[in-house]
Amino acid sequence: MGNAIGQILAFAVGIAISPIPIIGVILMLATPRARSNGPAFLLGWVGGLAAAGTAVLLISGGAGADTSGSTGWANVLKLILGIALLVLAARQWRSRPPRDGDGAEMPGWMDSVDHFTAGRSAALGVALAAINPKNLILVVGGAAAIAQTGASAGSQAVALIVFVGIATIGTATPVILYFALGERSKHILDDLKERMGRNNAAIMAVLCLIIGAKLIGDAISAFSA
C-alpha cells in the first residue's frame, strides 16, 4: 500500500493546487448561500474524484496489472497522458496574461455564482473534479498508478481515499477557513483568489510540465528495461 500511496502524491498535489476550483469555491463563499453552496461544492468535488478514480481502478482490474510494475497498458497510458500534459503546459504558458494586464480571463460560470443553488454547486464540483480535462488527466494518471502496483483491492481503496483526501486540500481550505473564522476569513480568501487568478496559467503550465515529464520518463524507462 505504501508503494501505491507514493505513486499518487504528485498527481494528488497537482489537483489540490489547481487554481480554478479554488477560485470557484471562494466566490461561492462570498454569496448569500455560502453556508450551503460551499459544502455542496466540496461534496460534489469529493464525489467526482472518487467516482472517476474508482472507474479507472475497475477498468484497470481486467487489464492485467501485476506487482512487477511493468504492465504494458499502464506504461502506454503514462506515455499518452504525459504527452497530453506537455501539450496542455504549452497551451497554458501561451495563454498567460501580460504582466501589465488585468489577469487571466476566468470561466463564464463564475459571473453567475450568486444565483447557484446547492444542487448546482455540487454539480459544478463534480464537473471540475472529474470532467474538466486537466483534472481528469491527473485523476486517471493517479488511479492508473495505483492499479499498476498490483496491490490488493483493499489497499487500492485506501490509496484512492488518500489520493482524494490530498487532492481535496486546496478546495477544502477556503471552506474550513470560512466556517472557522467567519468574516475574518474574507481578507485571506480575497487575497488568495486574486493571487491564484493572476497566476492561474503559469501555475497550471508548470504543474503540467513537471508531471508530464515524469510520466514520459517513467514510461521510457519501463520500455527500456
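The values are calculated or read from the model by the stated rules, or taken from the named source; none is laboratory data. None of the values given here were measured: they were computed from a predicted structure. Quick reminder, even Gly has a Cβ in these numbers, built from the backbone with ideal geometry, and neighbours come from all protein chains shown.
List pairs: first in the range 142-157 and of a type in the set (Val, Ile, Thr), second not in a helix (DSSP H, G or I), Cβ under 8 Å, 6+ apart or cross-chain?
149/65; 149/67; 149/69
Give me the residue from the range 154-176 that is among the hydroxyl-bearing types (Ser, Thr, Tyr) and part of a helix (DSSP H, G or I) and, out of that set, surrounded by the most Cβ atoms within 10 Å (Cβ to Cβ).
171
If you go through the range 130-153 one residue at a time, do you hit one that is outside any helix (DSSP H, G or I) and not small (Gly, Ala, Ser)?
Yes, that holds for at least one residue.
I'm checking my understanding of the structure. Among residues of the range 120-138 that are closer than 18 Å to residue 8 by Cα and in contact with a Gly (Cβ under 6 Å, 6 or more places away or on another chain), which one is modelled with the highest pLDDT?
Of everything passing the filter in the range 120-138, 129 is modelled with the highest pLDDT.
Just one of 86, 49 is at pLDDT 90 or above, surrounded by 21 or more Cβ atoms within 10 Å (Cβ to Cβ) and aliphatic (A, V, I, L, M); which is it?
From the options 86, 49, the qualifying one is 49.
Of the numbered conditions (1) under 21 Å from residue 175 (Cβ atoms); (2) touching a Phe, Trp or Tyr at 6+ places or on another chain (Cβ under 8 Å), residue 143 satisfies every one except a single condition; which is it?
With respect to (1) under 21 Å from residue 175 (Cβ atoms); (2) touching a Phe, Trp or Tyr at 6+ places or on another chain (Cβ under 8 Å), residue 143 is out only on (1).
Does residue 109 meet the test of being modelled with pLDDT of 80 or more, of a type outside the set (A, V, I, L, M), surrounded by 14 or more Cβ atoms within 10 Å (Cβ to Cβ) and part of a helix (DSSP H, G or I)?
Spelling it out, residue 109 is indeed modelled with pLDDT of 80 or more, of a type outside the set (A, V, I, L, M), surrounded by 14 or more Cβ atoms within 10 Å (Cβ to Cβ) and part of a helix (DSSP H, G or I).
Is it the case that residue 179 is assigned to a helix (DSSP H, G or I), surrounded by fewer than 21 Cβ atoms within 10 Å (Cβ to Cβ) and among the aromatic types (Phe, Trp, Tyr)?
yes
List every residue pair whose Cβ atoms sit under 7 Å apart, with the two residues 6 or more apart in sequence or on different chains, where the first one lies in the range 161-176 and is closer than 12 Å to residue 129 by Cα and the second, anywhere, is among the aromatic types (Phe, Trp, Tyr) and buried (at least 17 other Cβ atoms within 10 Å of the Cβ).
If the second residue must be among the aromatic types (Phe, Trp, Tyr) and buried (at least 17 other Cβ atoms within 10 Å of the Cβ), the pairs left are 168/45; 171/45.
For the range 183-206, give me each residue that is modelled with pLDDT of 85 or more and farther than 22 Å from residue 94 by Cα.
184, 185, 186, 187, 188, 189, 190, 191, 192
Go through the residues of the range 139-154 one by one and say whether even a single one is within 28 Å of residue 34 (Cβ to Cβ), out of contact with any strand residue (DSSP E or B) (no Cβ under 7 Å at 6 or more places or on another chain) and among the hydrophobic types (A, V, I, L, M, F, W, C).
yes
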